[in-house]
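Peer 1: What follows is a structure written as structure tokens; I'll ask about it next.
The values are calculated or read from the model by the stated rules, or taken from the named source; none is laboratory data. As the structure is a prediction and not an experimental result, all values here were calculated from the model. Every residue, glycine among them, receives a Cβ derived from its backbone with ideal geometry; neighbour counts consider all protein chains shown. The accessibility values were calculated without ligands, DNA or RNA, using every heavy atom of the protein model including side chains. Shrake-Rupley method; radii C 1.70, N 1.55, O 1.52, S 1.80 Å.
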Amino acid sequence: MIAYLRRRVLLLAVSFLVASCVLFLLLRLLPGDPANALLPMGATPEQVAEVRHELGTDLPPLEQFASWARKMATLDLGRSLISSLPVGSEIAARLPVTVPLTLLAFLLSVLVAVPVGFLTACRGRTWYGSLIGAASQFGLAVPVFWVGILLIDLFALRLRLLPAGGFPVDGWAHPGAALTALALPVLTVSLVMSASLIRYVHSAALDVLDSDYLRTARALGASFAGAVWRHGLRNAAAPVVSVLGIELATTFLGAVVVEGVFALPGLGSMLVRGFAQHDYPVIQGILALSTFTVLVIGFLTDLVQRLIDPRLRRTTTGTLA
């Protein structure tokens, strides 16, 4: 297991390095110049060249990447080209919006999708099982921003139960107001994520219900619930955990998109502003954080799978890692 962890940590580091290189190069291919965002209309070429020199964007791409990589190694994300504020502190100030939104939406999705997925597998031929299956299929085809707009129209404009957007200026100083502001965004993300997760849980549960070991347990006198609890859940958990890891990463990325719909001061609005102003340090910082988060979630998911299923801990020689 120790050797496996070393390999996985090395793979995580290499994957992040490669992703950072690709990210840096792709951003440099975008049209536009951050110097133009700092200068008024009609600026002379000499003024543009001077600002580029001050920002360091006139350096060769390899030198720019080397400078950025050195700073990244010390957890320094640089300073915004527009505001001159440290990118790390700006990201830290917005994480209290994005992280709770992600975790609450993911938790709600799991609480809904796992029991509903098992219910549709056990009662798929009933009218409510078919209805749930059709609803989940419909949810897979609906864009998350469209769901947000519909919820705003229903709960904010028509029923006037929840705010349409925004976040308290004092943040989490008043938890009730903060949770109320996140209610519709959390519901939006969780509805879309639940539709996808229900299908995966449904498939994993069907594999367990059709397995020979479950039929053997029933033949030996175990009740259906007892056989599923003792023999089925652990076998169904391994593929479901893999999907949960993917869904958590997707929920984080989806939360960044939904923030724009609900005017939340999270990473989403910061990223949109960075693209509009060609603020490379801001864009690189947010996307690097997102990439690292997704890689870490994948690493932890793989680790949990190996802890649940002993078969995954076997090496090619047939011994346990």
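Peer 1: Write down the Å³ per residue value for the convex hull defined by the alpha carbon atoms of the chain.
Peer 2: Details: hull volume 59.3 nm³, N = 321.
Cα convex hull per residue, to the nearest whole number: 185 Å³.
Peer 1: Could you give the accessible area per residue of the chain, probe 1.4 Å, as a whole number in Å²?
Peer 2: Numbers: 17640 Å² over 321 residues.
On a per-residue basis, the chain sits at 55 Å².
Peer 1: How far, in nm, would the chain grow between A141 and L27 when pulled straight, counting 0.36 nm per residue and subtracting the alpha carbon separation? Could the numbers behind the result be given before it?
Peer 2: On the way: separation 114, 0.36 × 114 = 41.04 nm, distance 3.02 nm.
Fully extending the segment from A141 to L27 adds 38.0 nm.
Peer 1: Additional query: Given H placed on each backbone N at 1.01 Å, which residues far from R79 in sequence or on other chains put an amide H within less than 5 Å of it?
Peer 2: HN-HN under 5 Å from R79: V87.
Peer 1: May I ask for log10 I(q)/I(0) of segment 1-129 at q = 0.20, 0.21 Å⁻¹, from a Debye sum over the Cα atoms as equal point scatterers with solvent left out?
Peer 2: After summing over all Cα pairs, the log10 values are -1.24, -1.28.
Peer 1: Using a Gaussian network model of the chain whose springs link C-alpha atoms within less than 10 Å, name the residue from L75, L55, L295 with the highest mean-square fluctuation.
Peer 2: Of L75, L55, L295, the Gaussian network model singles out L75 as fluctuating most.
Peer 1: So for the pair I308, E46, with labels modelled 7 Å out along Cα→Cβ, what separation do we get in nm?
Peer 2: Those two pseudo-labels are separated by 6.7 nm.
Peer 1: Using r as the Cβ-Cβ distance of L103 and D210, and R0 as 22 Å, what FRET efficiency do you calculate, to the nearest 0.05? Before the final figure, lay out the partial values.
Peer 2: Values: r = 34 Å, r/R0 = 1.55.
The calculated FRET efficiency here is 0.05.
Peer 1: Something else: Taking the Cα atoms of segment 98-208 alone, what are Rg (to one decimal) and Dmax (as a whole number) in Å?
Peer 2: 15.9, 51
Peer 1: Between A134 and T291, how many nm apart are label points set 7 Å from Cα along the C-beta direction?
Peer 2: Calculated label separation equals 4.5 nm.
Peer 1: From the helices alone, meaning DSSP H stretches of at least four residues, give me the mean residue ellipticity at 222 nm for the chain, per-run term -39500 (n - 2.57), in deg cm²/dmol to the nearest 500.
Peer 2: Values: 13 runs with 230 residues, N = 321.
After summing the helix terms and dividing by residue count, I get -24000 deg cm²/dmol.
Peer 1: Same structure, new question: How would you rank 199-211, 165-177, 296-308, 260-272, highest first, on the average number of other Cβ atoms within 10 Å across their residues? Working shown, then result.
Peer 2: Values: 199-211: 18.8, 165-177: 12.8, 296-308: 16.5, 260-272: 21.1.
Per-residue mean Cβ counts within 10 Å order the peptides as 260-272, 199-211, 296-308, 165-177.
Peer 1: Return the distance in nm (one decimal) between the two label points of a simple spin-label model at R70 and A222, each offset 7 Å from Cα along Cα→Cβ.
Peer 2: About 6.2 nm, to one decimal.
Peer 1: What ³J(HN,Hα) values, in whole Hz, does the Karplus curve 6.51 cos²θ - 1.76 cosθ + 1.60 give for segment 113-123 when θ = phi - 60°, with x put for Gly and Pro?
Peer 2: 6, 5, x, 5, x, 5, 5, 5, 6, 7, 10
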